[in-house]
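Data first, discussion second: the structure below is written as structure tokens.
Rule-based calculations on the coordinates, nothing more; no lab input. Values in this document were obtained by computation on a predicted structure and should not be read as measured data. Here the Cβ positions follow ideal geometry from the backbone for every residue, glycine too, while neighbour counts run over all protein chains shown.
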Amino acid sequence: MQQLWQQLFAPVLDSVRYATLASYTWAEPRLLFLLPFVPLLFVVRWVLSHRRRSRLGVAFVRGQVPRDWSTLLRFLPDVVLALSLGFAIVALARPQRTDERVVQTGEGIDILLLLDVSASMELQDLQPNRLEAAKRVARDFIAGRQGDRIGLVVFAGDAYSLAPLTTDYELLLGNLQDIRLGMIANDGTAIGTALGVATNRLRNSRSPSKVCILISDGENTAGSLDPLTAAQLAHAYGLKIYTIGLGQDGIVPYGKDANGRPRYVETRLDETTMRQIAQAGEGQFFRATDNAGLTQVFGRINRYEKSEIKQTRYRNTKDYYRIYLFWSLGLWLLWLGLKNTFLTNALED
């Protein structure tokens, strides 16, 4: 008996639950607006029949006629018919569920971000300072990539690989957030050493395109590897190098003194070396003197270095109208059967 209940009635009870109906997409959703009109049909029929019905005077004995719950059975055919019409409307609206599968084909790009964390990155010609501005734009750059492996290298007087090449962008953004001034004890700007670390990281990569994006605000003042030599070595391993020079030349703000007055320092970018590095790496040099300029630079690099990744979407749509159509027809046949039984009120018909 329990097995019969599960096979016959459990599916229909599940199909009329709100959660089940809400999970569908509907091929003809506007037909569902007809559902409120189903009970309205019976109200209209009752009003019309009540007005046209011939009245027959019948005398009853004094006292109240006893009421029996079985008199309510005369409404059963109308209830069955209403359910049949409701299921029919739901079936005509065609409830569906769609499974979508996305398949990616093609290879992404391997990208290393080389970020200067020397003391000069605290200068405030970019807001709130050069380092935080670079980090903010780098976050947007990472979020805009798809299918590319991205890594992080930080450098000051020394250079370290902070994050390996990965497509786990959440982990990467977490590592980027942890970058701070003074994280490398040996201060200075070892551009050549940073390029050497990047070359060592990317030289065994099988990606068809390997890109380095070097972000710095000064000139090479540390490390034992010449920047131009390092760039030529990187190019020999197939690396393309973009260089971004941060900040303005001249007098720029640098925090406040003990009395709360703004301090200023003089700074200069070795633009010639940065251009030579980009040229040796068959990339481009960009100068960003403010936040808007830095955003535009990353936007241009993002357009230049596009991954050749194609997405193929497979949609599998399954219809669920059959169970509602089955119950509509079943209830319709039941209503026809009930019309020929004692449940039908002959006086009303």
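Some values worked out for this structure:
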item: Only Lys, Arg (+1) and Asp, Glu (-1) charged, at Cβ; segment 101-179 dipole about Cα centre in debye; result: 240 debye
item: For S224, S84, S120, S23, order by how many other beta-carbon atoms lie within 10 Å, fewest first; result: S224, S23, S84, S120
item: Least to most buried among M183, M121 (fewest other Cβ within 10 Å first); result: M183, M121
item: Label-to-label distance, nm, for residues given as T289 and L325 (7 Å Cα→Cβ offset); result: 7.2 nm
item: J(HN,Hα) series, segment 276-292, from Karplus relation 6.51 cos²θ - 1.76 cosθ + 1.60, nearest Hz, glycine and proline x; result: 5, 4, 5, 5, 5, x, 6, x, 9, 9, 10, 10, 10, 9, 8, 4, 5
item: Per-selection Kirkwood Rh - segment 107-308 (Cα, Å, 1 d.p.); result: 16.7 Å
item: Among I191, Y254, F298 the positive-end extreme of the charge dipole of segment 107-308 (Cβ point charges); result: F298
item: Estimated dipole of segment 107-308 in Debye, rounded to 20 [Cβ of Lys and Arg +1, of Asp and Glu -1, Cα centre]; result: 320 debye
item: Alpha-carbon centroids, segment 111-170 and segment 79-93: separation in whole Å; result: 61 Å
item: Segment 213-300 - share of DSSP beta bridges that are antiparallel (%, nearest 5); result: 40 percent
item: Burial ordering of F37, F326, F286, fewest other beta-carbon atoms within 10 Å first; result: F37, F326, F286
item: More than 20 Å apart - percent of Cα-Cα pairs taken over segment 124-243; result: 43 percent
item: Karplus-derived 3J(HN,Hα), 6.51/-1.76/1.60, for each residue of segment 18-35, Hz, glycine and proline x; result: 4, 4, 5, 5, 6, 7, 7, 9, 10, 5, 10, x, 5, 5, 5, 5, 7, 4
item: For segment 212-317: Kirkwood Rh in Å [reciprocal of mean 1/r, alpha carbons]; result: 16.3 Å
item: Residues of type aspartates and glutamates that K339 reaches as a straight line, Cα spacing below 17 Å, ignoring anything fewer than 8 places off in the same chain; result: D78, E348, D349
item: Which of L173, T98, F141, positive extreme of dipole for segment 96-202 (C-beta unit charges); result: T98
item: Candidate lysines for bridging to K306, where Cα separation is under 22 Å - those fewer than 8 sequence places away on the same chain excluded; result: K135, K210, K240
item: Among S207, Y264, A159 the positive-end extreme of the charge dipole of segment 107-308 (Cβ point charges); result: S207
